[in-house]
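In what follows, a structure is listed as structure tokens, so that the remarks can point back to it.
Coordinate-derived values only; no laboratory data. Remember, it's a predicted structure, so these values are computed and weren't measured experimentally. Using ideal geometry, Cβ is built from the backbone for each residue, glycine included, and neighbour counts are taken over all protein chains shown.
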Amino acid sequence: MPATKKLPPTPQHAHEIDDPARHTMAVGRVLIVMVTALLVGALLNAPGLRKTAFGQPLGWQRDVAVFIADRLNDVSTTLLLSEPRAGIQVLAGRSGDDNVDLSLPSPTRPADPDIVWPPPKIAFSPTKPMRLAVAGDSLSVTPGESLINLAPGTGVILPTGEVDGRISTGLARPEIFNWPAHLNEKLAGGGVDALVLTLGSNDDQALTGEGGVGPLLSPEWETEYRRRVGGLMDLVTNKGTKLFWIGVPFMSNNERYDTRYQFMNAIVRSEAEKRPGKVVYVDTNPVLSIFGGGYSQYLPGPDNTFVQVRTGDGIHFTRAGGDLVANAVLKAMGETFDLESWKNPPTTKAGSPVTTTTTSTTSPKPTRKSAGKTPGKTGKSGKNK
Amino acid sequence: MIVLPVSWLLMPTRQRWKLFILAASYFFYGYWDWRFCLLIAGATVANQVLATAVFRAENERTKRAWLIAAVVGNLGMLAYFKYYGFFVSSAANTLHQLGIDFSPTIINVALPVGISFFTFQALSYVIDTYRGTFTPGRLIDFAVFLSFFPHVIAGPIVRPAEFIPQIDAAHDPRRVDASRAFFLITIGLFKKVVIANILATQIVDPVFSSPQQHSGLEVLVGIYAYAIQIYADFSGYTDIAIGISLLLGFRFPQNFDSPYTATSIQDFWRRWHMTLSRWLRDYLYIPLGGNQRGKWSTYRNLMLTMVLGGLWHGAAWTFVIWGAIHGSFLCGEHFRRARREAKGLPDPVDTRNRRIVSRLITFNVVCVAWVFFRAESLENAGNIFSQLLTPAHWFDASPLIGGMVLFAIAAGLAEQYIPRDAWARAMARFSHLTPLVQGTVLGVCLLIINTLGPRGVAPFIYFQF
């Protein structure tokens, strides 16, 4: 901080600094500059604008934006004005950024009449660690980071990379981000034993893309959302990856949670129940609430001190909240996989996978009765007490 | 595309212009949450009443009483919205450690955007009136000053005497300083969308969230990258704010002056967030006594000013430590200078090598402090330093240090080392182009910014303060 004896010069007005003669202009000419810049910029960026237009909130404004962006893109492509953008994307290693992929897979696994319960537990050890990936919407980021930080402490969980978090994405709007296509590519080479996925908080809207329907929460919407959830679960698990799907947590907007997310969580939970031993639904609400349920921004932390677990927006997590979620996921993993027996080596050949049949307590025991029930009727996915 | 043409249309009729720009500013501010409009409107009326009371008070005692009411009211509002949870949870935790079980009901308080900025500007209005350097005017002028949309969210922190006289000054729609405005807006967009966002997504966020998962080299580059990110983010916002204000016919004070070319921490604070720095100097450091009451008093005042400056950014111990580091180095520099003066020694000769070394030391001290500023907690900061100082981790794989990260760091540093006159010449040359050519150049810049910038732009860092 400057001393009073020798004060720094008072900041000058920005336009006065090293100010050689410049031309000012009349507003008419200013408008010409603005319109030209926007027109040239729009033509050169047409493929990106098209993608942005598709990602607008549904409604007539989006329809108009998509119509204009499509025409603009046609002109830009015809005149080869989109080529510089494509070239820069290649240089920046981001080819394909402007693609709009609307395809969404359907479930491929018919309901299995011969469910093996409890499912077999795969054993991991430091020499054969469990390879972990974390992905999802913005709610995946902080808990995912916590999980990656906590993983080395287990001795057997090996994160395969950073959290693959994509803000404002989900299964409702594949034109914004196509999760099935992305995960199909991400998991193509194998090498991921467990994927922790957080999706749903942006899906409380009409569905676009292949099979898109509305309005939100209508029977048609439920059928289509269920198809998307089941399709994604099968896509992931068919690659030999176990899926841990974190449900949407309580939010400060109770009405939104009660009327929308509770319903959507029930869909995810029931689809997970149809895939025992392959998909685990992780309900984090019990660890994020106090005195039996509901949203809480602060919770008693270690040593009963108060810690803030949710950010001011009432949606996202603080680091302490992320740690709580991550611990809940680790607990679920511990019940799904054998992460402990390496500490007491059995007589089997060292390093080889050992299959056990310990009962899981987190993954709900599947029953034929629960499979396929509509979420509103199951009555199982309300606020956890 | 709506506000600017209407503003230009109404320029000659000031009363209508004021009403229009006030409505536009409230619409902009209320976009986050309409309830915030009630807060800023309440703050406007209350501070206008208090400033008028200060102005009209017949004796010093009454004047002072009104001033105290304004300071308490403004800081109380800031404390409630910004520091309530921090203080209550800190108190509960402290009492718990003393064996006293205190479980307060902590209500969820939404933090209104820009509250730290407009509260400081409101305080300036009343304090300047008290000091007799400003005469409070009409309510609508003050309302426009406080809510003016280019600066309401993240500054620059403008003085009433700098802004309010401009409201009634003649604005000629035939002479808009548009070329400079467009130049600044384009540079600001590049800094924010390309430099800050690439660094945030590709290295800073991963390194700071999981330092133990990264090599020492990645952590080091991540720290430097954050220094560039926060500069590009905040100065980019300021450039855009200054540019938009110029289009509306207003001049804002400069907020950054190549801060990473600073040769000392004192020099850094003359170049970084200059409007906050002068606010703290004029409304906190000097009223505390400045450097006029002996050396120990000076050190105390420096430390207090910087620690409170840290707390202004947010309710966390990490900000307190950030302020304390800067305060300590300012004290150290003050001590060295005082000792030299006491011995009658001349100032060191300003050589090129000396400048390079001083810049390197200053930059690295600033970067160490930035670790606390960015870290989520003291533990997180500790993990970062621990990873950095563990030689075994230095040569682990460093996949985050890619070409785009190095490009963004180089661009962020180079921008500050380009001589001022080169910027000025480029700006002048641009302003002499015809409107069509200017528009085409800007269109090409939009191509580069839009294509290089990661999809999904994160909010400006200083929006949270």
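Remark on B:TRP394: its backbone amide H falls under 5 Å from those of B:GLY216, a criterion applied only to residues 5 or more positions apart or on other chains, H modelled at 1.01 Å from N.
Taking every Cα-Cα distance in region B:1-88 and sorting them into 5 Å bins starting at zero, the pair-distance distribution P(r) comes out as 3, 12, 14, 15, 14, 15, 12, 10, 4, 1, 0 percent.
Three principal axis extents of region A:186-332 based on alpha-carbon atoms, in descending order, are 47, 39, 23 Å.
Amide H contacts under 5 Å for A:ARG310: A:THR318, restricted to partners 5 or more places along the chain or on a different chain, H placed in the peptide plane at 1.01 Å from N.
Count Lys and Arg as plus one, Asp and Glu as minus one, and take only other residues whose Cβ is under 15 Å from that of B:PHE163; the net charge is then +2.
Mind sorting A:THR24, B:THR318 by how few other Cβ atoms lie within 10 Å of their own Cβ, fewest first? Present the calculation step by step, with values, prior to reporting the outcome.
Values: A:THR24 16, B:THR318 20.
With the sparsest Cβ surroundings first, the list reads A:THR24, B:THR318.
Residues in region B:119-127 carry Karplus couplings, in order, of 5, 5, 5, 5, 4, 4, 4, 6, 5 Hz; the curve used is 6.51 cos²θ - 1.76 cosθ + 1.60 with θ = phi - 60°, and Gly or Pro positions show x.
Using a cut-off of 13 Å between beta-carbons, work out the net charge of the residues near B:ARG336 (Lys and Arg +1, Asp and Glu -1, B:ARG336 not included).
Details: positive: B:LYS295, B:ARG337, B:ARG339, B:ARG340, B:LYS343; negative: B:GLU333, B:GLU341, B:ASP347.
The answer is +2.
Counting 0.36 nm for each residue step from B:GLU60 to B:TYR80 and taking away their Cα separation leaves a gain of 4.2 nm. Across region A:275-282, in residue order, what do the Karplus-derived ³J(HN,Hα) couplings come to in whole Hz, using 6.51 cos²θ - 1.76 cosθ + 1.60 with θ = phi - 60° and x for Gly and Pro? My calculation for region A:275-282 gives 10, x, x, 10, 10, 10, 8, 9 Hz in order.
Set the Förster radius R0 to 35 Å, insert the Cβ-Cβ distance between B:ALA338 and B:TRP317 as r into 1/(1 + (r/R0)^6), and round the FRET efficiency to 0.05.
Values: r = 30 Å, r/R0 = 0.86.
Step by step, r from the Cβ atoms, then E = 0.70.
Summary value for chain B: 20 percent relative contact order, contacts being C-alpha pairs under 8 angstrom separated by 6+ residues.
Label separation (B:LEU19 vs B:SER358): 5.6 nm, computed from points 7 Å beyond Cα along the C-beta direction. For A:VAL280, nonlocal amide neighbours, meaning residues 5 or more places apart or on other chains whose placed amide H falls under 5 Å from its own, are A:LEU243, A:PHE244, A:TRP245. Counting other Cβ atoms within 10 Å as a rough exposure proxy, the listed residues B:ARG270, B:ARG278 run B:ARG270, B:ARG278 from fewest neighbours to most.
Charged neighbours of B:PRO454, selected by a Cβ distance under 12 Å, balance to +2 (K, R count +1; D, E count -1).
Taking the number of other C-beta atoms within 10 Å as the exposure measure, put B:THR44, A:THR52 in order starting with the fewest. Intermediate values should be presented prior to the final figure.
Working: B:THR44 22, A:THR52 17.
Ranked by crowding around the Cβ, least crowded first: A:THR52, B:THR44.
Taken one residue at a time, the phi angles of region B:194-210 give Karplus couplings (6.51, -1.76, 1.60, θ = phi - 60°) of 8, 5, 5, 6, 4, 5, 4, 7, 8, 9, 5, 4, x, 5, 6, 7, 9 Hz. Gly and Pro are set to x. Convex hull volume per residue, computed on the Cα atoms of the protein assembly as shown, equals 195 Å³. Applying 1/(1 + (r/R0)^6) with R0 = 25 Å to the Cβ-Cβ distance of A:ARG94 and B:ALA410 gives a FRET efficiency near 0.85.
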